[in-house]
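Presented below is the structure to which this report refers.
The values are calculated or read from the model by the stated rules, or taken from the named source; none is laboratory data. Quantities reported herein were computed from a predicted structural model and do not represent experimental measurements. Reconstructed Cβ throughout: ideal geometry from the backbone, glycine too, with neighbour counts over all protein chains shown.
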Amino acid sequence: MLERVKVWTEWAATGVEVAAALVIVAAVVLALGRAAVALFRPAAQPDVQKESLRLELGRWLAVGLEFTLAADILRTAIAPSWDDIGKLAAIAALRTLLNFFLQREIDGHKARQEG
C-alpha cells in the first residue's frame, strides 16, 4: 500500500511540474506577443508599456514557481530525508524572496500608475 502511495505521489508531482512548465511556456508566448506589439506599435508611454509587460510576465512566472514548489513538497512528503528537507527549505526561501521582490515591484508600479 505504501509503495502505491509513493508511486501516485510521484505521478502527481510530475503532473504538477508539467502544469508549471505549461504555465511558464504560455506566459512566455504571451509576453513575446505583447513584446512584438510593443516593438511595432509602441504606446504613448513606452516605458510604462514595457514595465507592465515585464511585471505581467513576472506574475505568471511566480505562478509557475508556486507550482514547482508544490511538486517539490509532494516529492518531499513521500520519503523525506534531512537532505531533502534542507533542499526544500532552501528552494522555498529563494522562491519566497523572488515573490516578495516581485510583489514590491508590482506594488510600486501600481502606485506610479495611480499617482
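Descriptive notes on the structure:
- Taking the conditions (1) outside any helix (DSSP H, G or I); (2) modelled with pLDDT of 85 or more in turn, ALA62 satisfies each one other than (1).
- For beta carbons closer than 7 Å, sequence separation of 6+ or different chains, a first residue in segment 24-43 that is among the charged types (D, E, K, R) and a second that is in a helix (DSSP H, G or I), the qualifying pairs are ARG34/LEU53.
- Residues in segment 65-108 that are among the polar types (S, T, N, Q) and either part of a helix (DSSP H, G or I) or within 20 Å of the chain's Cα centre (by Cα) (or both): THR68, THR76, THR96, ASN99, GLN103.
- ALA36 closer than 30 Å to HIS109 by Cβ and of a type in the set (A, V, I, L, M): yes
- So GLU10, is it touching a residue at least 60 places away in the same chain (Cβ under 8 Å) and in a helix (DSSP H, G or I): yes
- Some residue of segment 47-57 being of a type in the set (S, T, N, Q), more than 21 Å from ARG104 (Cβ to Cβ) and part of a helix (DSSP H, G or I): no
- Verdict on ALA111 being surrounded by 15 or more Cβ atoms within 10 Å (Cβ to Cβ) and either assigned to a helix (DSSP H, G or I) or not charged (D, E, K, R) (or both): no
- Criterion (crowded, with 16+ Cβ neighbours inside 10 Å and among the aromatic types (Phe, Trp, Tyr)) met by exactly one of PHE100, PHE67: PHE67
- A single entry from VAL7, VAL18, VAL23, VAL28 fulfils the requirement of being within 30 Å of ARG112 (Cα to Cα), surrounded by fewer than 16 Cβ atoms within 10 Å (Cβ to Cβ) and of a type in the set (Val, Ile, Thr): VAL28.
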